[in-house]
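First comes the structure, then the notes that go with it.
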Amino acid sequence: MVIIGKTKVKEALETYPQLKSILVQMSPIFNKLNNPLFFKTVARWATFNDVAKMGKMTVCQILHTLNKEIGSETELLNQFPNCIDQIKLEREHHTDSSPEQFNTIVPFDTRTREDYFLPDLVEQIKTLKKGEALKNISEFDPIPLKKMIESMGYSFFTKEVNPNLYETYIFSTDTHP
């Protein structure tokens, strides 16, 4: 198996569990992967393209490191001789949106939470009415969360306040209150 940018983290780490510790060593952001519930959720939605962006690394750095560990680096180079430096999120919903459009913004700060906060976050998202948004505050662009939100039928946009502070506004475009 060669690990590429589109490979799901879960798929790779189920096949090669030793790669988890290598990822954690690559960036302090990846320490959250040591939380079993957080890991289970993130690994399900995240690709290595996402992980690279979250860790503020190039996808090539991650792919070469991981493929070298499992003996697939040559195969990676054969498939992608001009390894790219940046991977952009395939699509960002409502990039022309701004926080000012909402009547109510409910803050949800995940920066210091060590618990499995996802059920709390999802519960709050489900209570949103038209004109309301949940503002997820995190220290990285929460790409796996955005993929999950999209699959639930919600919209979002992310504002990078600084390289270590992201605000993702989650809202319903449903016209029913």
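When peptides 145-157, 15-27 are sorted by average Cβ neighbour count within 10 Å, with the highest value leading, the order is 145-157, 15-27. Eigen-decomposition of the gyration tensor built on the alpha-carbon atoms of region 9-79 gives equivalent ellipsoid semi-axes of 19, 13, 11 angstrom, largest listed first. Taking label positions 7 Å along the Cα-Cβ direction at both residue 75 and residue 123, the computed distance is 4.4 nm, reported to one decimal. With neighbours defined as other Cβ atoms within 10 Å of a residue's Cβ, the residues 59, 2 order from fewest to most as 2, 59.
For the pair residue 114 and residue 150, the difference between a 0.36 nm per residue extended length and the Cα-Cα distance amounts to 10.5 nm.
Rounded to the nearest 500 deg cm²/dmol, what is the calculated helix-only ellipticity per residue at 222 nm for the chain, with -39500 (n - 2.57) per DSSP H run of length n ≥ 4? Don't skip to the answer; put the middle values down first.
Numbers: 8 runs with 69 residues, N = 177.
Estimated from H runs of four or more residues: -11000 deg cm²/dmol.
For residue 157, the residues whose amide H sits under 5 Å from its own are 169, ignoring neighbours fewer than 5 places away on the same chain, with H placed 1.01 Å from N. Note on residue 35 and residue 160: the extension gain reaches 42.5 nm, defined as 0.36 nm multiplied by sequence separation minus the Cα-Cα distance.
Cross-link pairs exceeding 30 Å in C-alpha to C-alpha distance, out of 8/159; 10/129; 10/130; 32/147, comprise 10/129; 10/130.
Coordinate-derived values only; no laboratory data. Not measured: the values here are computed from a predicted model. Cβ sites come from the backbone with ideal geometry, for glycine too, and all protein chains shown count toward neighbours.
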